[in-house]
Amino acid sequence: MRIDKLLANMGFGTRKEVKKLLKSGAVKVDDIIIKDPKTQVNPSEKTVTVWGEEVEYKKFIYLMMNKPPGVISATEDDFEETVVDLLEEEDQRFAPFPVGRLDKDTEGLLLLTNDGQLAHQLLSPKKHVPKTYFAIIEGEVTKADMEAFLRGVVLDDGYETKPSELVILSSGLRSEVEVTITEGKFHQVKRMFQAVGKRVVYLKRIQMGPLSLDPTLALGEYRELTEDEVEQLKQYVPSGAKKGNLS
């Protein structure tokens, strides 16, 4: 591809800004200074550097973040800190976006990517991709609640949720549970517990489809997915969904 298109795709600025960069002599291909923006280059065969730093060409980026509370699941906001603000500049260049949302006060697994096709497949209501949350509940969670979740509960707006799995880890004045849903309605887990007279005081997403939150990631930390994890996401077919290859 043209060197100016390559550099623009990698976040080094607009085509106009990249042309200025080239004119300054900052760009080299295999140690040869390149100033012509029309120069064709194969980034998989040639080494491209800008001011001596190698440009690692990738079309897509796939990141797993342990989202901290107080940060919103958006690419930009005039007033609030976003999950994209937590990324290193070299990763922001790929213009990744969060796949789905986590509430501002909710922690845990968040996938960020610039692969629109994969994001669409994971978020499609037709796919019913399961998402599992760990939650601390104010009030005693009972077997009756488990059965209600399994049937589907009616939310405050009259919507009846699809069946979900509720696992009680401990029950008492404060209960610890895991809940798996296949939808993504606004504040869904919180509203589901509201429907059975309980209140969520802590919520953390721990799994999305085949992808589990890396326990080594501290709040606010992230890492790139491994090739195997990316492939698992692309090939993932939830039970009951039709098989389709996302590659």
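The values are calculated or read from the model by the stated rules, or taken from the named source; none is laboratory data. Because the structure is a prediction, the values reported are computed rather than measured. Every residue, glycine among them, receives a Cβ derived from its backbone with ideal geometry; neighbour counts consider all protein chains shown. SASA here: full protein model, heavy atoms, side chains in, ligands and nucleic acids out. Shrake-Rupley method; radii C 1.70, N 1.55, O 1.52, S 1.80 Å.
Quick rundown of the values:
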read-out	value
DSSP loop GluC sites (Glu not before Pro) with at most 10 other Cβ within 10 Å excluded, longest remaining stretch of the chain	89-247
For segment 112-177, convex hull volume per residue from C-alpha positions, Å³	121 Å³
Sparse-neighbourhood loop sites, trypsin sites (Lys or Arg not before Pro) in segment 112-156 - DSSP loop, at most 15 other Cβ within 10 angstrom	Lys126
For segment 27-39, Karplus couplings with θ = phi - 60° (6.51, -1.76, 1.60), whole Hz, Gly/Pro x	9, 10, 10, 6, 6, 10, 5, 10, 10, 7, x, 7, 4
Stokes-Einstein D in µm²/s, Kirkwood radius over Cα pairs - segment 23-103 at 4 °C with 1.567 mPa s viscosity	85 µm²/s
Residue-by-residue Karplus 3J(HN,Hα) for segment 128-137, coefficients 6.51, -1.76, 1.60, Hz, glycine and proline x	6, 5, x, 10, 10, 10, 9, 9, 10, 10
Three-way shape label, segment 111-223, alpha-carbon gyration tensor, a/c 1.5	oblate
Per residue value of the accessible surface for segment 47-123 (all protein chains in place, 1.4 Å probe), Å²	51 Å²
Accessible surface, 1.4 Å probe, highest first, among residues Phe134, Phe79, Phe97, Phe193	Phe79, Phe97, Phe134, Phe193
Exposure of Phe60 as accessible area (Å², to 10), given a probe of 1.4 Å and all protein chains	70 Å²
Cα Rg, Dmax (largest Cα-Cα span) when computed across the chain, Å	22.2, 71
³J(HN,Hα), Karplus 6.51/-1.76/1.60, whole Hz, each residue of segment 154-163, x for Gly, Pro	8, 7, 4, 9, x, 6, 9, 6, 6, x
Share of carbon and sulfur in the accessible heavy-atom surface of the chain [1.4 Å probe, %]	49 percent
Ellipsoid semi-axes in whole angstrom, largest first, where each is sqrt(5λ) of the Cα gyration tensor of segment 1-137	37, 16, 12
